[in-house]
Structure formats: C-alpha cells, structure tokens
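Trainee: After the structure tokens below, expect a handful of questions from me.
The values are calculated or read from the model by the stated rules, or taken from the named source; none is laboratory data. Bear in mind the structure is a predicted one, so any value in this text is a computation, not a measurement. Note that we place each Cβ from the backbone using ideal geometry, even for glycine, and neighbour counts take in every protein chain shown.
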C-alpha cells in the first residue's frame, strides 16, 4: 500500500514539537515584512516517526544486502564511523570558532590530508570539495590556472576525455569553459593511442583519465598516454572514483597524474546517504599544489613550540583557485574517512586486493552466462552485456528481476560504449557466499529469459511498487505536493 | 581484516576459480616499476583504540554545547529534535545511493519529493531541486543558471555587497574562466554598507542590457532584512531590464518574513543547515535551490517527480534527467551528481516535526532573543549597535577594542564564544562584530555576555 | 522500419519534404525508435535563420537527448506548437502530426545532397550492427 505524503497526514492545529515560551521581552515585528501563510504540514511526532520509518522500509541499502552498483563502491559503512562523527566535540563545532578552540578538528583534517597524500602519491591535498564532481571542477580550474600563469591560458582550451569516462568529466570541463574532445577506446578497452596522438597539440589543456576505467580495466596504455600529453604541454587529471582498486597497488601521483580527486564516500567507506553527502578532496603534484582550493590545514611553525605538540592553522595555497564552498569542507565526512583509514593503515592494500579478487571471482562465475565485451583481468569492477542470446530480454529487465532475488541491480547502460551494459562492482566487504548467491540469481534469470521471458520483462514483482512510468513523470511534471484546489503551473519553452 | 570476510580457504578457492595462483597475479597489468609501493601510514587500530583516539581529538576542541555561542555568520546553532537523528540512522536511508532504481528507492524518492514541496512552501517558489552541496555552491549554480537563461548574451552579474563573503568567493571561483563580470560587491565605505537601501539603489542603477542577474541576500550577511515592498520594486526594475532576480535566504527567517516568491525572485538559493543539521565545523550542510516552473529545464541537480507504476499506484522517480551530466555530458546544466541527500532528508524530517507552528516559534524566539541582546548591548558604554534597519537574529556591533581581542577574553575568561569578526569579511568593517542569538541562547547566557562585554569595555590606557 | 520513399534524409535522422517554396522537416521512425518515449521537444522561434547542419532544437526522451540539425540552410516559417504539448506524437506519427518545422530554403540545391530512402535505409542498417 502506498505511503501517503506527510502533507496528507496534516490536521490543522496538530503539533509535533513545542518550543519554550520566550524568556526575554518580546520585540515588535516590523510592519509590512511578515508573511501570512506558511503551508507546512501539521503533524504529531508519532506521525513523523511512523511515516519516515515506513519510507525507509521502501528503500534498499548496503545494510540490507548486496549492492553491486558499478563505479559507486557500495561497500559496508562501519558503524563506528557514525558514532565518531556525532561526538559533540566534532558535531557541535562552529566553523568560525577561534582556531585555538578547534585544534583537535584541525589535527584530524591535517592528518587526513597527509594520509590521502600518501595513498595517492601527491605533494599536497585540499579537503575542500564537497563531492567528486566538485573536486573535478576544482582540478580542471587548477589546470587552467596553471596554463594561464604560463601565458597559455587562451591557447590551451581543449580537454581530452576518453569515451568511457563518467559524464561528470565533460560536464565539469564545460563549466570551466573548456572545449571537450572525445578520445575513443581501442579494442582492448584502453585509450586509443593513435586517436590521442592526433589530438596532442599546443591547444591541449589536459587529459582526464579514469583508471581503472569504467570497464573496470587497468589501462594498458596508461604510461604512454601520460607521456604523450605531458610532451605536448598538457596535464593529467585523474578521476579517482575507482581508487578502491589501487590503494597500496600503485600511486597515481607517482605515475604522472598531476591532479586527482578522491571520493571519500566510495573508497573510504563513508555512507552514500541516498545521494550524498560525499566529499571530493583533491590531490596535486608539486607543480599544481600551489593552485589547490583553500583553505587547507597546515602546522603553524611560528606558534609551534614543541614538535610533538604542533599548533594547526588554516592557510591558503599560494596561487589558489579560490574557495569552492563556504567554510572548511564536509567535516563530518572527514571524521568517518579518518576513522576508516586509521583502522586499516598500510593494510588498505588488502582492501584493494580483496576488492579486485571479488570482482575477478564474480566475473569468472558469470562468464559463459552473459557476454563479456572486454574479457581480461579486471580490477575492482567489470562490465558484462545484459543480453541472453535468442531472447529479447535486456539489461534493464535483468536489473529489475534481480530485485525479486533480493539484490540491488548493477549500474546499467553505462559505460555508453558497451550496448546493454551491466557494470558490476562487488567491493571487498562481500563474502564468497554472497557472490555465489548473486551469480546463481544471474544464472537463473538467464534461464528464465528463455523459459518465461514475460516474468523477467515485467519484473520486479515483489517491490513496494512495480515499474514506474517515467515518460509520464517527465511529461506531466508534478514536482511538489499541491492541494487539489491549486492550479498547476506549466513549464515554458526555455 | 575487520571488514573483509574471506577465510584463507575461501581466498584460495576464489583464486582457483579465477585461474591464478596468487593475489599478486591479479595486478600484472600495473606497470612493474610502480606496483605495490609501500604505504607509509600509521599501523591499524582496533575499534576500541580508534574510539580512544577520536575521542581524544574531539575533546581537544571546545564545542558549542560547552560554551555559550553567539556565532552565526552563515552557520547556526538550533535545536534539533531527537527524532531526526533516530530516523537518519536507519540503514535503509543512509547506506543507499542515489535512487537510480526507483522500485527499491521509493523511501528516498518520496522523501525528496516532500523536501522539494517544503522548500517551495518556504520560499514561495514553484519548483525546487533535491539539494545542492551548500548555500555557496547553490548560489554559484544559480548565477550560471541565470547566464544560461539569458542565453549567454549578458555577461554581467550584480552581487549585493552584503552577501556572505565566502559565497561571493565561491561565485568568483566558478566563473573565473568564463566571460562573466561580477560587479557591485566591493569598494563600499562603512557608511554605505550601513545603508542597505542606498546600496540597493546603487545596484539598481547599474542594471542594463548586459546584466544577467542581480543577487540579493535576505536577510543579508549583517542580519538585516530589506522591506519586501521595496524588493517588489527591485524585482520590477530587474525584470524591465530583462534580467533575473536571485535571492539568497536563511530558511528559518522565511518562517516569519514575506517569502521571495511573493516579491518577485526568479531563483532562490540558501543554506539549509539551520533546518535540523548540526554545525559539524562547517559541513556537510544543505544547499537549497528553487525557481519558477518556467525555468525548470535550466535548474541543475536532481529533481523528483510523481508518476504511477504498472498497476496505477502512485510512485516517484528522478525526472528531467536529460538536463544532467550522465546524459547530456558537456551540454548538461551542471556537473553535479552526488548532492547532500541525507541532509535534505534531515531538513524534511525537521520541517515535518516542527511544522507550521513550531517553525514560527523557533523563528520568533530567535528574533526576540537577538533583539533583547541588541538592546542590552546598545546600553553599554563604548559599544554601538546597528539598529536602524529591521534585522532577524544577527546584528552588527561596533566594539571599543579589536574584535579578536574581545573574543579571546570571552572564551578564556567567560567561557563564551563571541561573535564573528567582520574585519575578516571586509576591511571597511574592521572593529565590528556580528552577533547572533537563537532559541538555544537562554536569557542567562545573553545576560552573561552583556555583563562580560561591559567588563571588558574599552582598552585601558597603558 | 518505416522509411517513406518520397522524402529525403540526413545522417542525423531528420527527414525533409519540399512543398513549393517551403520545406517541412521532422525526425524519422528510426530516430523515434532509438529515443523511445519522447517527452519533450524544443523548437526554434519563427523567423530565425540557420545554416545547414546547425542545431535548431532538441528532442528528449526519458533517458536520451538529441540535438536537431538543420537539413538545409533556411529561415523558419512555422513550428509545430501542438507538438510541444503532445511530444508522444513523435513516437506515434513521426512523418505526419509530428512534423517539427517549416522553413524557406535559402539554397534549394542542398536538397539534392540529402539521402534518398534507399540510401537512408542502408545508413540505418549499417548502424544496427
């Protein structure tokens, strides 16, 4: 049964929270400033608890089961992270307190910067960006500022982006005023070096590389691609969404990446929150470090008396691109990521090893059941084609049917270069038994596709709602609760 | 390892199925010279040890639950009912991702639809997105949106000088390589900054055929609320010039004051942190963004819409996705993907449980306490309070000694976290403090601050 | 796949029909089947002039968006405003009710550079593999 909207529980005069009466004299309100109506719901606390609890039960999260959403690294979110972020000494800090009163918070940020530098092999890290895509924008702005300072800002306006890249790469480049040039993939799923070579000239601002790429493959042309772009004066941007494959395996900064964002909500176990908050710190090589977004945390050399008792402060990188958000970044997310990294230390390598082991194991179990377009050793994820030969069942149908088996579907229809793509990222926190159960469900769905295709094509059958009419949603555009009496505004042609 | 479930035997079996001998064989495609570098990180801790370490770090701070806090300036301490965190900690909510698969994400989707509805109710607008990172980045996106809506033919954007300084900084960052001019925000004297209606006239005079948008804070960074009737005239002038009016709001203030939709704003952005989200040293917070239905196709970010399923039951989906980066790539309205869904959920629960009545009570308490504080400080020798314009819960005080000095004495000797040093925002405002009071400040705290300020007074000679 | 023999076609899946001084343009059956359920059509203002190959509008389904390219140079004389309210016509009747624009070609000779039905069929089949 559908859950009503919270507005539909509203009864005039009902109250959820009572606030104390004013303990100071009441000041008069200015005339002509006040609003008349405030059309918010009027409900009780019990209404609220039951409503949102029921809504939660209509959701699927990692805590409920396997969530192999490719490129999203849906690993288990340790519960200790949540408790630590809620410690009053963190959760109740105002961002403008005197720095002397927040030394613990600054220490945590400083050490997180240091940890991320070490993991990525970079010279410096800024924690500022709010999410991966904002980290990308920051990194691209840094590349542009670097070229500008060398008198090449007007000339270097071309960003090279492989066709397997996340959509954020071209979108971020366009926001920074760059022209996007697509670079195709070769037959092994690597950057096509001939195509890259043809584009490498004095107008190149940079190349954005996702490695492992969105096919889950370590790019075999990586070192040559980096070399080609560097030789023509361009810089290398690393999309760090797939770092879960690389911790302790290799360091992008050492391999020639000039700037890279990390996704703390992917690699470092902070929860995805139903679509955020994430955090997208940016790491930079020596030459780009001065351009990092600020402020960043540093040890205040002047005020540090004893080396074992450093005093921390906020500083601005010398040629910073500026702020990408107010205050100091998603601190609550930093606490969680710090907790996670401290529980692993150098053994983060085992995390990446197990992530890659799980992906290759699941790939081995699915090979022969579904076509594998680029069949070689994968890293933390892999892509299969959601097709069952001899049937009209599609990736979308397989995804929906997986819900009936109790699994969250993989990422589907991405990357765009694989038709009917199913992109599967198991992560290291899943057991062999879970992977076996998933592989078995996938096998049974392939069987059903032949014996009872309708069952698959009309799935899911067991979820709170069945397939939803997305065309209708886009055509009628009901985007907020409207009491039946109110007229519906129409979108214009803009 | 703690969160890796494999036994040694399972690992061997998995390697056998893959067809390799050792884990290391899975990494032969990584260039050998760079393979398996040492990770120079501190040794791992157990959960108990990590708790000790984090507790020690947390205790190295002084927090707003320990000391009375009168800091605002864009981040506010408000009462957070217990139900919010209780519900946020449902694993089904916080361990889910963006609701790409609506059949197993109706909880998130419906909550986001309710969030959009509440933001529309608060702002008086017709459509809201499912959140942006924070108020500052929402403003930057609103500016980009206005540039698109004026077809890139108008390169000028007028920023009111008393918009949050860090929000203005973020706008600068976003447009630094675009053909855009930001005007109006700096170069004003103390006297001019003290007269917001004069500033408004000055900015209106700069509207022309090159202007894409005028951005107005409501309340402004100094706490002041411009008269809605006057802003209605501003909106007319902006629209006559063919430009758009963007408002930057505090959502709690909107429980009292005429919402921007009523006085003609085209895009409304703001910081949603006051709606049930902890201070948390500056983030994660909640960017709010709303507009008119006519502009919905240029609104960035996720949007949830209502529809029906195969059996005709009401349900919710992400809609208008063709605006977004995963489909439009370089032609997308924005690069945003992950936003701050959980913070939007917190705000939705907050607004539900507070409701129409509770939110008004909170806003009124803020108003009364701030005015009580302002009046009492005004009577102190050496201090001057800016009271000539209506303000919400923040106001400016000229102090007899440098603000940093007063703040240091306040926390060292009185256990009080004083106001924001406005000299940091604008040199013209040096020697002025921005003080904030909310429902969290008791009369005793307020009186204690007034007493302390009185005792601190002007610096003594010699 | 429906490819009327009396129309001309572009590589980007627009169709064109000459009607006296004017031309009518829409998208093909192949295009609508690739897009699936069309939910939105964006059309230009009457009176605007475009060069051959310029983007004159956009068409969107739930999961895809495509730019519309001018098949020949010319000035817009009419747009199908009814279609904006009924985007599903693109799926139902791409060569009829779902016409997009009428325009006056500035270089009618460009018509001859467009594909005929046979060539367009080959173009579609080549992409199906």
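Table: residues versus (1) more than 20 Å from residue C:64 (Cβ to Cβ); (2) touching a helix residue (DSSP H, G or I) at 6+ places or on another chain (Cβ under 8 Å); (3) in a helix (DSSP H, G or I).
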residue	(1), (2), (3)
B:306	yes, yes, no
B:316	yes, yes, no
B:334	no, yes, no
B:339	yes, no, no
B:345	yes, yes, yes
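Trainee: On to the next question. Can you tell me which residues in region C:32-69 are buried (at least 22 other Cβ atoms within 10 Å of the Cβ) and closer than 15 Å to residue C:94 by Cα?
Mentor: Within region C:32-69, C:32, C:38, C:39, C:41, C:59, C:60, C:61, C:68 meet the criteria.
Trainee: Of the conditions (1) assigned to a loop (DSSP other than H, G, I, E, B); (2) without any contact (Cβ under 8 Å) to a residue 12 or more places away in the chain; (3) surrounded by fewer than 20 Cβ atoms within 10 Å (Cβ to Cβ), residue B:97 satisfies every one except a single condition; which number is it?
Mentor: (3)
Trainee: In region C:43-58, which residues are within 17 Å of residue C:102 (Cβ to Cβ) and either in contact with a helix residue (DSSP H, G or I) (Cβ under 8 Å, 6 or more places away or on another chain) or in a loop (DSSP other than H, G, I, E, B) (or both)?
Mentor: If the condition is that a residue be within 17 Å of residue C:102 (Cβ to Cβ) and either in contact with a helix residue (DSSP H, G or I) (Cβ under 8 Å, 6 or more places away or on another chain) or in a loop (DSSP other than H, G, I, E, B) (or both), then C:43, C:44, C:45, C:46, C:47, C:48, C:52, C:54 are the ones that fit.
Trainee: Mind listing whichever residues of region A:187-237 are touching a strand residue (DSSP E or B) at 6+ places or on another chain (Cβ under 9 Å), part of a helix (DSSP H, G or I) and within 14 Å of chain B (Cβ to nearest Cβ)?
Mentor: Residues satisfying the conditions are A:222, A:224, A:225, A:226.
Trainee: Separate question: Mind checking which residues of region A:143-168 are assigned to a helix (DSSP H, G or I) and modelled with pLDDT under 95?
Mentor: Residue satisfying the conditions is A:168 alone.
Trainee: Further, regarding this structure: For region A:162-180, which residues satisfy the criterion of being at the interface with chain B (Cβ under 7 Å from one of its Cβ atoms) and free of Cβ contacts under 8 Å to residues at least 24 places away in the same chain?
Mentor: Of everything in region A:162-180, those that are at the interface with chain B (Cβ under 7 Å from one of its Cβ atoms) and free of Cβ contacts under 8 Å to residues at least 24 places away in the same chain turn out to be A:167, A:170, A:174, A:180.
Trainee: For region B:207-214, state whether one or more residues are in contact with a strand residue (DSSP E or B) (Cβ under 6 Å, 6 or more places away or on another chain), in contact (Cβ under 8 Å) with a residue 60 or more places away in the chain and over 21 Å from residue B:254 (Cβ atoms).
Mentor: yes
Trainee: Residue B:360 versus (1) within 7 Å of another protein chain (Cβ to nearest Cβ); (2) in contact with a helix residue (DSSP H, G or I) (Cβ under 6 Å, 6 or more places away or on another chain); (3) touching a residue at least 60 places away in the same chain (Cβ under 8 Å); (4) surrounded by 24 or more Cβ atoms within 10 Å (Cβ to Cβ): which is the lone unmet condition?
Mentor: Result: residue B:360 passes all but (4).
Trainee: Still on this structure: For region C:97-129, name all the residues that are closer than 19 Å to residue C:44 by Cα and either free of Cβ contacts under 8 Å to residues at least 24 places away in the same chain or outside any loop (DSSP other than H, G, I, E, B) (or both).
Mentor: C:97, C:101, C:102, C:103, C:104, C:105
Trainee: Please specify each residue of region B:130-151 satisfying the condition of being outside any loop (DSSP other than H, G, I, E, B) and closer than 15 Å to residue A:273 by Cα.
Mentor: Across region B:130-151, the qualifying residue is only B:132.
Trainee: While we're here: Would you point out which residue out of B:43, B:10 is in a helix (DSSP H, G or I), at the interface with chain A (Cβ under 8 Å from one of its Cβ atoms) and on the phi < 0 side of the Ramachandran plot?
Mentor: B:10
Trainee: Name the single residue, out of those in region A:25-42 being exposed (fewer than 15 other Cβ atoms within 10 Å of the Cβ) and closer than 30 Å to residue A:8 by Cα, that is nearest to the other protein chains (Cβ to nearest Cβ).
Mentor: Going through the qualifying residues, I end up with A:34.
Trainee: Quick check, is residue B:378 crowded, with 19+ Cβ neighbours inside 10 Å, in contact with a strand residue (DSSP E or B) (Cβ under 7 Å, 6 or more places away or on another chain) and farther than 11 Å from residue B:275 by Cβ?
Mentor: No.
Trainee: Within 26 Å of residue B:332 (Cα to Cα), surrounded by 18 or more Cβ atoms within 10 Å (Cβ to Cβ), within 14 Å of chain A (Cβ to nearest Cβ) and in contact with a strand residue (DSSP E or B) (Cβ under 7 Å, 6 or more places away or on another chain): does that describe residue C:90?
Mentor: Spelling it out, residue C:90 is indeed within 26 Å of residue B:332 (Cα to Cα), surrounded by 18 or more Cβ atoms within 10 Å (Cβ to Cβ), within 14 Å of chain A (Cβ to nearest Cβ) and in contact with a strand residue (DSSP E or B) (Cβ under 7 Å, 6 or more places away or on another chain).
Trainee: Considering only region B:100-129, state which residues are facing chain A (nearest Cβ under 7 Å), assigned to a loop (DSSP other than H, G, I, E, B) and in contact (Cβ under 8 Å) with a residue 40 or more places away in the chain.
Mentor: The answer is B:126, and nothing else.
Trainee: Would you mind telling me which numbered condition in (1) under 30 Å from residue A:275 (Cα atoms); (2) in contact with a helix residue (DSSP H, G or I) (Cβ under 8 Å, 6 or more places away or on another chain); (3) within 7 Å of chain A (Cβ to nearest Cβ); (4) in contact (Cβ under 8 Å) with a residue 12 or more places away in the chain residue B:79 fails?
Mentor: Only one criterion in (1) under 30 Å from residue A:275 (Cα atoms); (2) in contact with a helix residue (DSSP H, G or I) (Cβ under 8 Å, 6 or more places away or on another chain); (3) within 7 Å of chain A (Cβ to nearest Cβ); (4) in contact (Cβ under 8 Å) with a residue 12 or more places away in the chain is unmet by residue B:79, namely (3).
Trainee: If you take the residues in region B:372-384 that are away from every other protein chain (no Cβ under 13 Å) and free of Cβ contacts under 8 Å to residues at least 60 places away in the same chain, which one is nearest to residue B:428 (Cα to Cα)?
Mentor: B:384
Trainee: A further question follows. Return yes when residue B:16 is assigned by TED's automatic domain parsing to the domain that holds residue B:324 and modelled with pLDDT of 95 or more and no when it is not.
Mentor: no
Trainee: Condition first: closer than 29 Å to residue A:342 by Cβ, touching a helix residue (DSSP H, G or I) at 6+ places or on another chain (Cβ under 7 Å), crowded, with 24+ Cβ neighbours inside 10 Å and within 7 Å of another protein chain (Cβ to nearest Cβ). Can you find one or more residues in region A:137-157 that meet it?
Mentor: So far as region A:137-157 goes, no, none of its residues is closer than 29 Å to residue A:342 by Cβ, touching a helix residue (DSSP H, G or I) at 6+ places or on another chain (Cβ under 7 Å), crowded, with 24+ Cβ neighbours inside 10 Å and within 7 Å of another protein chain (Cβ to nearest Cβ).
Trainee: Scan region B:318-332 for residues that are more than 7 Å from chain A (Cβ to nearest Cβ), in contact with a strand residue (DSSP E or B) (Cβ under 7 Å, 6 or more places away or on another chain) and either buried (at least 24 other Cβ atoms within 10 Å of the Cβ) or part of a strand (DSSP E or B) (or both) and jot them down.
Mentor: Those that are more than 7 Å from chain A (Cβ to nearest Cβ), in contact with a strand residue (DSSP E or B) (Cβ under 7 Å, 6 or more places away or on another chain) and either buried (at least 24 other Cβ atoms within 10 Å of the Cβ) or part of a strand (DSSP E or B) (or both): B:318, B:322.
Trainee: Limited to region A:388-412, what total is found for residues that are in contact with a strand residue (DSSP E or B) (Cβ under 7 Å, 6 or more places away or on another chain) and either modelled with pLDDT under 95 or not in a loop (DSSP other than H, G, I, E, B) (or both)?
Mentor: 6
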